[in-house]
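Worksheet for the structure shown next.
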Amino acid sequence: MVGDSPVRVDAWLWAVRQFKTRSAATSACRAGHVRVNGERAKAAQPVRPGDEVRVRIEGFDRTLIVRQTLVKRVSAAVAATALEDRTPPPPPRETVALTPVRERGAGRPTKRERRDLERLRGH
């Protein structure tokens, strides 16, 4: 089913391989991670060719333009033709600030570790 008829946004995101499962796409819509033409989208909101879909996946926003509406999951080559990716490139690693990460289960930082963290953060 390829064409210009409107399709649910969660089904389209799943069909163009942005999410592994349709239920994951539906959950992203419920959580407010999907916007269609700037407005928060519910899972059943229809998308048409020319619509702009913004999706937050793993902490990064992706900007997609609908070229074709798909209902069923298709191959990667067909999925690539059904959308136009206008996501800006990520910033270079040099400009992204490093954040200190403690291992899970390490407990609270000691006074010395806390001072080191504050010095690193510039406080």
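The values are calculated or read from the model by the stated rules, or taken from the named source; none is laboratory data. In this text, all values refer to a predicted model and were calculated from it rather than measured experimentally. Heads up, the Cβs are rebuilt from the backbone with ideal geometry, glycines too, and the neighbour counts pull from every protein chain shown. Calculation scope for accessible area: heavy atoms of the full protein, side chains included, ligands and nucleic acids excluded. Shrake-Rupley method; radii C 1.70, N 1.55, O 1.52, S 1.80 Å.
Taken over the alpha carbons of segment 1-107 as equal point scatterers, the Debye sum produces base-10 log I(q)/I(0) values at 0.18, 0.20, 0.24 Å⁻¹ of -0.82, -0.96, -1.30.
How would H33, H123 rank on accessible area, largest to smallest, probe 1.4 Å?
The ranking, largest first, comes out as H123, H33.
Here segment 28-89 is treated as an ellipsoid with the same Cα gyration tensor; its semi-axes, largest first and in whole Å, are 18, 14, 11.
How would I57, I65 rank on accessible area, largest to smallest, probe 1.4 Å?
Order by accessible area, largest first: I57, I65.
Put a dot 7 Å past the Cα of T110, heading toward its Cβ, do the same for D85, and the two dots end up 4.6 nm apart. Here K20 is the anchor, and the lysines within straight C-alpha reach of less than 24 Å, apart from those fewer than 8 places off in the same chain, are K42, K72. With N counted as the residues of segment 1-62, its alpha-carbon radius of gyration over 2.2 N^0.38 Å works out to 1.00. For segment 52-123, the share of alpha carbon pairs falling in successive 5 Å distance bins from zero is 3, 11, 13, 14, 12, 9, 8, 9, 7, 8, 5, 1 percent.
For the options R30, R108, R56, a Gaussian network treatment of the chain with springs between C-alpha atoms closer than 10 Å singles out R108 as fluctuating the most. Enumerate the residues in segment 56-93 having an amide nitrogen under 17 Å from the point lying 7 Å beyond the Cα of R40 toward its Cβ. Only 56-57 fall inside the zone, counting backbone N under 17 Å. For the residues K20, K111, K72, a GNM of the chain with alpha-carbon springs under 10 Å puts the largest fluctuation on K111. Solvent-accessible surface (1.4 Å probe) assigned to D116 amounts to roughly 70 Å². Mean-square fluctuations from a GNM of the chain, with a 10 angstrom spring cutoff on Cα atoms, peak among V66, V101, V47 at V101.
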